[in-house]
Amino acid sequence: MQPSQDLSHILTHEAEERSQYFQAVAPPIIQSSNFAYDTVDSFRQAMRDELAQPLYTRGANPTVSILRQKLAALEHTEDALVVGSGASAIAVAVMGNVRAGDHVICIQKPYSWTYKLIQNLLGRFGVESTFVDGRDVEAIKAAYRPNTRVLMLESPNSLTFELQDLEACAQWAKSKGVVTIIDNSYCSPIYQNPADFGIDIIVHSGTKYLNGHSDVVCGVICGAKAMIKQLFESEYMTLGTIISPNDAWLMLRGLRTLPIRLERSNDTALTLIEYLQKHPLVERVIHPFSSDFSQLELSHKQMRGAGGLFSVVFRCDDIEKMEKFCNAMTSHFLIAVSWGGYESLQIPTCIFYNDFMPNPILPASFVRYYVGLEDAAYLIEAFERNLPILES
Ligand SMILES: *Cc1c(COP(=O)(O)O)cnc(C)c1O
C-alpha cells in the first residue's frame, strides 16, 4: 500500500470494530475501572494475558486499546502502550531495559526530563550514563562499555534540532546487543518512522502533535510485541501511569486530523522562515531543512518534513529590547512551554537571563517558535509590526 492510503486507513478505520458498539461511528469511552467474567475459567484465561483482554483499567481498557493499535500502525511497529505523559513513556522504556550496574548512552541536550531520569533518578539506582554529541556516530561508538544496555536518541531535539543518523546508530547498536530508544515527538510518525531504520523503541510525548489540541497530557511507547509485553508486565503495571479512557478518546479524536495539522504547521513555518531569513534584524534561522543547516543531507535522508518548530537568532544584543519585543509578540505567539497544538508559541531565552538560571547556554537573542494552525499572513504581520522594537 502507498503510505498515504495506509495513513487514511489507520486514522479512519484501523481497530474500529463498530459492530461491537451499535455501529457507532465514533468509538465509545469505556469509562469503567473493572471488567467482569462469567466463569472461573474465563477469568483464569484473562489473567494469563492482561494486555490482550480488559480485566482492570490499569492494564488494558478497550478505548485505550483502539488508540494503541492505531499508534503502533502509525509507527510501523507491532504494538504500543499509552501512558500518562511523555516523560513517563521515556521512563518506562529506559527503566524496563536496565538494571543496577548497567550503562546508558544518551545524546547531549535531550529533553530536560530525559536527562534528569538518566542522570539523577537512574543514577540513584546504580545505572551509569554517558552523554555524547549525537551528531557524531563515532562519539556514540566510543562511549560504549561492556555494560552498555541502552542508546537513548532524540532526533531532532526540540530546541536546536541536532539529528542522529538513525540507520547507523541502529546497525551499530544491534551488533552490540544495545537497545535503541528514540524520542520521536518532534517529527511525529507523519514525518519520520524510526522503526524503518531499525530503531527498537519509539517514544512520544502524545501531548504534542498526536493529541494536537493542548488539552491532554499523554505518552506513547511503540515497539515489537515481545518488548511491549515485557514493559507492560513490569514498569507499565507497576508504576501505573495510565491514561484515562476519556483522555484516550480525546487522543483518538485528535489523531483524525494529524496529517492535516502537521502539513499546515509545516507549510506555515516554511513561509515564516522565508520571510525571516530575508529580514535585516534576523541573524540566523535554525531549522532542519534550512539551506545552511549543518545536517541538511541527513534531514532529507530520514525525515519527510519538520512541522511547526524553528528557532531564530535576532541581531540584537540588548536584553531589554529582546524582552520588549517578545512581550509585544504575545498577541500572536503565547509565551509557554510545550508545542504541537493549534496555537503559536514562543520560548525566548532572555527568560533565563536573570538570577533564575546561572550560565545560560544560548544567547539572549535566541527564540524558539512553534507555529500552530493560524494563517501565515496573520503571523507574519506580528513580526512586521514588532521587529522594529529591536533597533529602536
Ligand atoms: C514535551 C516533551 C516530552 C515530555 O512529554 P510530556 O507529555 O510533557 O511528559 C518529551 N520529549 C519531548 C521532545 C518533548 O517536547
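Data table
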item: Computed log₁₀ I(q)/I(0) - Debye formula, equal Cα scatterers, no solvent, segment 84-161, q 0.13, 0.16, 0.24 Å⁻¹; result: -0.36, -0.54, -1.19
item: Exposure proxy ranking, count of Cβ atoms within 10 Å, fewest first, for Asp183, Asp41; result: Asp41, Asp183
item: Taking Ser214, Ser331, Ser129, Ser265 and counting other C-beta atoms within 10 Å, the order from fewest to most; result: Ser331, Ser214, Ser129, Ser265
item: Shape call, segment 23-168: gyration tensor on alpha carbons, a/c limit 1.5; result: prolate
item: Calculated FRET value between His279 and Ser8, using beta carbons and R₀ = 45 Å, to 0.05; result: 0.70
item: Efficiency of FRET between Asp215 and Val137 - r from beta-carbon atoms, R0 56 angstrom, step 0.05; result: 0.90
item: Cα pair distances of segment 225-319 binned at 10 Å [whole percent]; result: 13, 26, 23, 23, 13, 2
item: Cα gyration tensor shape of segment 83-237, rounded if a/c is under 1.5, else prolate or oblate by comparing a/b with b/c; result: rounded
item: Relative contact order (%) - criterion: Cα under 8 Å, at least six apart; region: segment 193-350; result: 22 percent
item: Cα-projected label distance for Ser19 with Ser32, points at 7 Å along beta-carbon direction, nm; result: 2.1 nm
item: Length-normalised contact order of segment 1-79 in % [C-alpha pairs under 8 Å, at least 6 apart]; result: 30 percent
item: Segment 136-184, Cα convex hull volume normalised per residue, Å³; result: 72 Å³
item: Cα→Cβ-extended label distance, 7 Å offset, between Asp196 and Leu373, nm; result: 2.6 nm
item: Principal axis box of the chain, alpha-carbon based, largest edge first, Å; result: 78, 53, 43
item: Relative contact order (%) - segment 303-353, alpha-carbon pairs under 8 angstrom, separation at least six; result: 27 percent
item: Total formal charge among the other residues, if their Cβ is under 11 angstrom from that of Ile182, Lys/Arg +1 and Asp/Glu -1; result: -4
item: Rounded FRET efficiency, nearest 0.05, which uses the C-beta distance separating Glu323 from Leu121 and R0 of 45 Å; result: 0.85
item: Binned Cα-Cα distance frequencies in segment 1-61 - 10 Å width, integer %; result: 19, 33, 32, 13, 2
item: Over 19 Å [Cα-Cα, segment 160-265], rounded percent; result: 52 percent
item: Taking N as its residue count, the alpha carbon Rg of segment 252-392 over 2.2 N^0.38 Å; result: 1.06
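The numbers here are math on the coordinates, done by the rules we state, and not lab data. Only a predicted model underlies this, so the values are computations on that prediction, with no experimental measurement involved. Counting neighbours? That spans all protein chains shown, and the Cβs are built from the backbone with ideal geometry, glycine included.
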